[in-house]
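The values are calculated or read from the model by the stated rules, or taken from the named source; none is laboratory data. Values in this document were obtained by computation on a predicted structure and should not be read as measured data. Every residue, glycine as well, gets a Cβ built from its backbone with ideal geometry; the counts of neighbours run over all protein chains shown.
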Amino acid sequence: MLSENIKAIRKSKGLSQQELAIKLNVVRQTISKWEQGLSVPDSEMLISMSEVLETPVSKLLGETVAETEADNIKAISEKLEVINLQLAQRKITRRKVIRWLLISLCAIIVMVFVAVGILNSPYLGWDYSDPETAVLGVAFHSFEWLFVRVAPIILIAAIIGIFFTFKKE
C-alpha cells in the first residue's frame, strides 16, 4: 500500500524517481526499492517525503483520515512502529544468516587445515619426470602454500565477524 502510494503520488506530481531522490538526498535505487515494496522509508524520511510531495503522511500511508490531529499522529506512529518492527526483524534475520555463513566458513577452513595436516604434502614424494604429475604437484603445492598463508587471516576475520553479528542487548 505504501509502495503503491509513493509511486502514484510521485507520478501525479510529475516527478521521476531520480528527481524525487535528489530532493530527498537519496539515490534513485532507494526510491525504486520503496516503490517495489522491498524496503520502507524510516519515519524521518516519510515526513521529508510528505513535505517534498506536498502530501500528508496519512495519504502516503494509505488512509483518508477525518480524525483529530492527535489521532492522526497516533495512527501514524502506530503504523511506523509496525514498519520499524518489520525492518528490525529483517535486520535480525540478516544478522543470523551472516553469522551462520561465517561459522560455516570457519568450519570449512578448519576441516581443510586438518586435511592438509593429515595428508602431509603427499605430492613431495611424486615422480616429477612425467609432465602431468609435475603440473598436478605444482598445483597442489600452490594451493597448500596459498591456503596456509591466507586461511588464517580469513579465519580470524570470520571469527571477528561472528562476534560482531551477535546483537548486544
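Go through the range 9-44 and give me each residue that's among the aliphatic types (A, V, I, L, M) and surrounded by 13 or more Cβ atoms within 10 Å (Cβ to Cβ). So that I can check it myself, show each step before the final result.
Filtering the range 9-44 down to residues among the aliphatic types (A, V, I, L, M) leaves 9, 15, 20-22, 24, 26-27, 31, 38, 40.
Once the filter is applied, which keeps residues that are among the aliphatic types (A, V, I, L, M) and surrounded by 13 or more Cβ atoms within 10 Å (Cβ to Cβ), the range 9-44 yields Ile9, Leu15, Leu20, Ala21, Ile22, Leu24, Val26, Val27, Ile31, Val40.
Could you please let me know if Ala75 is surrounded by 13 or more Cβ atoms within 10 Å (Cβ to Cβ) and not in a loop (DSSP other than H, G, I, E, B)? Working first, answer last.
Working: surrounded by 13 or more Cβ atoms within 10 Å (Cβ to Cβ): yes; not in a loop (DSSP other than H, G, I, E, B): yes.
Yes, satisfied.
Considering only the range 1-23, state which residues are of a type in the set (Lys, Arg) and in a helix (DSSP H, G or I).
If we filter the range 1-23 for residues that are of a type in the set (Lys, Arg), which is where we start, we get 7, 10-11, 13, 23.
Hits for the range 1-23 are Lys7, Arg10, Lys11, Lys23.
Could you tell me how many of the residues in the range 114-146 are at pLDDT 85 or above, surrounded by 12 or more Cβ atoms within 10 Å (Cβ to Cβ) and of a type in the set (Gly, Ala, Ser)?
2
Suppose we filter Ala115, Ala88 for residues that are of a type in the set (Gly, Ala, Ser) and under 30 Å from Ala8 (Cα atoms); which single one remains?
Values: Ala115 fails: under 30 Å from Ala8 (Cα atoms).
The match here is Ala88.
Which residues, counting only those in the range 115-150, are small (Gly, Ala, Ser) and part of a helix (DSSP H, G or I)? Even if it seems obvious, please write down each step before you answer.
Residues of the range 115-150 small (Gly, Ala, Ser): 115, 117, 121, 125, 129, 134, 137, 139, 142.
Passing the criteria: Ala115, Gly117, Gly125, Ala134, Gly137, Ala139, Ser142.
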